[in-house]
Amino acid sequence: MISNPPTKTSNLGYQVLADRITNGQITRIVVLTGAGISTSAGIPDFRTPGTGLYDKLAPLNLPYPEAIFSISYFTHTPEPFYAIARARHPGNLKPTISHAFLALLAKKNLLHFLFTQNIDGLEEDAGVPVDKLLWTHGNWKSQHCHKCHAEYPDDLMKNAIRAGEVPYCLKTECGAAVKPDVVFFGQSLPAEFEDRQKMAAEADLMLVMGTSLKVAPCSQLPRLVKEGVPRILINMEGAGDMGNRGQDLCILGTCDNGVRELADALGWRDELETLWKDAVDAKGDIKELEDGPTLDECIAKIASTMNDKMKISNGHKRMLENHLSSKFAQMMAKPPAQS
Ligand code: CNA
């Protein structure tokens with residue numbers, strides 16, 4: 001399971017790195033995570049062919065799959081986002097052992113900083129202190145009107161997500177769609193990112209987990225790590241420039257297997273499993289939303305609605321075209337007005 005991509009080299013084995021951690025040579029670990037650490041919790045990533053959200057959205061005939069998370073599209077068509085929101089809401093999901101590994105790093109005072117591109121908040125559920133992490137793309141914990149930025153109550157938001165309906169701003173003079181405080185394509189990252197990214201250069205080890213490194217600017221963080229500092233990628237596939245430096249180690253496979261093997265090398269396996277079990281138990285009793293339709297069911301439902309809408313608008317378009325062409329024909333048939 002542990003290997004380097006064939007075209008890339010590594011002069012460090014994971015046991016060497018594990019030893020450097022346990023003997024105190026490595027003390028500042030900076031981590032970048034992506035959707036791949038949460039897929040085993042039940043949240044599909046974006047880009048994995050077949051299982052990723054972008055492939056699953058095909059029946060919606062969106063102009064392009066990312067449109068569902070694009071602010072310019074959401075402004076006029078927020079319905080698809082809310083149609084699938086319930087199935088993607090992390091309320092009832094439990095942290096994975098990969099999240100627990102991050103909490104263990106923090107517990108051992110080794111986590112210098114965690115940049116997560118995920119919006120599910122499962123790092124905090126696992127026990128990562130919030131002052132050690134930045135949700136670079138926001139999260140589901142709060143929501144505002146996307147236009148006038150007025151706050152919107154949590155209970156009404158939950159009702160909207162439960163019903164799969166768009167919540168609208170309560171200010172009568174506004175009435176625009178409310179959006180959870182997640183960063184959509186076309187929106188800026190939290191101001192804190194600018195300041196925090198320098199922490200990558202302070203790392204004496206960088207760990208990159210479960211990300212395709214295709215979304216900027218987070219994709220650039222591993223490049224900010226100083227030359228000569230080891231970087232570990234744990235991912236199903238190669239990503240970005242990981243593996244190109246002599247000190248890189250690529251562990252190709254699932255994040256959960258990768259952290260288990262790292263924990264074995266570190267002698268932390270039992271502690272990791274216990275911490276994970278406690279985090280799962282702690283979340284076990286909290287149900288923010290009762291179980292609802294699956295993602296595929298949500299997509300099938302909105303697909304038929306959208307297709308119906310399209311039929312109406314296609315019909316409308318045809319009607320207008322017929323109307324205009326008959327008007328044009330009448331105009332052309334009319335003799336010019338006599339002066
Ligand atoms: P991505 O582009 O979909 O890439 C995910 C990567 O993880 C791919 O390289 C996969 O091969 C890999 N992967 C998938 N499952 C596993 C696994 N079990 N173990 C190891 N690797 C795996 O997603 P990125 O995170 O790179 O892109 C950033 C986007 C995705 C951000 O805007 C996120 O908000 C967004 N996102 C977040 C979530 C979430 O909060 N859980 C889910 C889906 C997408």
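The values are calculated or read from the model by the stated rules, or taken from the named source; none is laboratory data. Source: prediction; values computed, not measured. All Cβ positions, glycine included, derive from the backbone under ideal geometry; neighbour counts span all protein chains shown. In case anyone asks, the SASA skips ligands and DNA or RNA and just uses the protein heavy atoms, side chains included. Shrake-Rupley method; radii C 1.70, N 1.55, O 1.52, S 1.80 Å.
Computed packing ranks the peptides 108-120, 127-139 as 108-120, 127-139, most packed first, by mean other Cβ atoms within 10 Å. Of the Cα atoms belonging to the range 91-154, the radius of gyration and Dmax stand at 13.6, 43 Å.
Here the Karplus curve 6.51 cos²θ - 1.76 cosθ + 1.60, taken at θ = phi - 60°, turns the phi angles of the range 163-177 into couplings of 7, x, 10, 6, x, 10, 3, 7, 6, 4, 6, 10, x, 7, 5 Hz, with x standing for Gly and Pro.
Equivalent ellipsoid of the range 208-295: semi-axes from √(5λ) of the C-alpha gyration tensor, largest first, are 30, 20, 11 Å. In percent, rounded to a whole number, the relative contact order of the range 67-220 is 24, using alpha-carbon pairs under 8 Å and six or more apart.
Each label point was placed 7 Å from the Cα along the Cα-to-Cβ direction; for Asn257 and Arg162 their separation is 4.1 nm. Each peptide in 35-42, 59-66 was scored by the mean count of other Cβ atoms within 10 Å over its residues; highest first, the order is 35-42, 59-66.
Would you mind getting me the FRET efficiency between Asp264 and Lys147? Use the beta-carbon distance for r and R0 = 51 Å, nearest 0.05. It comes out at approximately 0.50. Among the listed pairs Lys141/Lys171; Lys179/Lys226; Lys141/Lys214; Lys179/Lys277; Lys158/Lys277; Lys107/Lys198, which have their C-alpha atoms separated by more than 30 angstrom in this model? Too far apart for the 30 Å limit: Lys179/Lys226; Lys179/Lys277.
Shown for the range 129-263 is the translational diffusion coefficient from the Stokes-Einstein equation, using the Kirkwood radius over Cα pairs, a temperature of 25 °C and a viscosity of 0.890 mPa s: 140 µm²/s. In the context of the full set of protein chains, residues of the range 135-178 present 54 Å² of accessible surface per residue (probe radius 1.4 Å, heavy atoms only).
Computed over the alpha carbons of the range 40-79, Rg followed by Dmax gives 11.0, 33 Å. Per-residue extension of 0.36 nm, minus the Cα-Cα distance of Ala201 and Val130, leaves a gain of 23.5 nm for this segment.
A Cβ-based charge dipole, computed about the Cα centre of the range 188-303 with Lys and Arg at +1 and Asp and Glu at -1, lands at about 560 debye.
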